[in-house]
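Q: Next up is a structure, given as structure tokens.
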Amino acid sequence: MRTMLPLVLAGIVCSLACSGGPQPPPFRPVADVKQLMQGAIDPSADVLWEATGEIITLEGTTRRRPKNDEEWAQVRNAAIVLTESGNLLMMVPRAKDGSEWMKRSQELIDVGSAAWRAAEAKNVDQLFTIGGDVYEACSNCHQRYMEAIVNANK
């Protein structure tokens, strides 16, 4: 019992210290899902998709890739927005349900994080592959929820 007393006291002190302080203000979502898609998610996904790939014309092949630190930063920033948008989609009143919607939102967080890491590493090939993963994550959600989102905002 004597050896447990310091642990018990430490637990009490920690719980008192951790529970003190002002409570953070409540979240106040402003944009609906459609607005979030139009203002943040779609433009960010477009940045990722337009950053890599090949354009083949009669004149030859042009390989697209970020050319400097500023362009890589734009790709990274778009990936950050995608990643955090998954969290924003999980907030009430945006969350449509507690299961599939949360799974799809987490998928956006996962692919956004992967794109973020690829941009940080300046890995063009990985970013190209992840662009496909982003498309798949978006399509998975749209197949299930697109009609409900469009109709909810009419």
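The values are calculated or read from the model by the stated rules, or taken from the named source; none is laboratory data. The shown structure was predicted, so the numbers you read here are calculated from the model rather than taken from an experiment. Please note: Cβ atoms are built from the backbone with ideal geometry, for glycine as well, and neighbour counts cover all protein chains shown.
Q: GLY132 passes all but one of (1) at pLDDT 95 or above; (2) of a type outside the set (Ser, Thr, Tyr); (3) closer than 28 Å to PRO26 by Cα; which number fails?
A: In the conditions (1) at pLDDT 95 or above; (2) of a type outside the set (Ser, Thr, Tyr); (3) closer than 28 Å to PRO26 by Cα, GLY132 misses (3) alone.
Q: Any idea how many residues of the range 85-105 are within 12 Å of the chain's Cα centre (by Cα) and either buried (at least 18 other Cβ atoms within 10 Å of the Cβ) or under 15 Å from TYR145 (Cα atoms) (or both)?
A: The qualifying residues number 7.
Q: Among the residues of the range 112-154, write down those that are closer than 18 Å to GLN38 by Cβ, without any contact (Cβ under 8 Å) to a residue 24 or more places away in the chain and not in a helix (DSSP H, G or I).
A: Matches in the range 112-154: LYS154 only.
Q: Report, by residue number, each residue of the range 56-106 that is under 27 Å from PRO26 (Cβ atoms) and not in a helix (DSSP H, G or I).
A: MET90, MET91, VAL92, PRO93, ARG94, ALA95, LYS96, ASP97, GLY98, SER99
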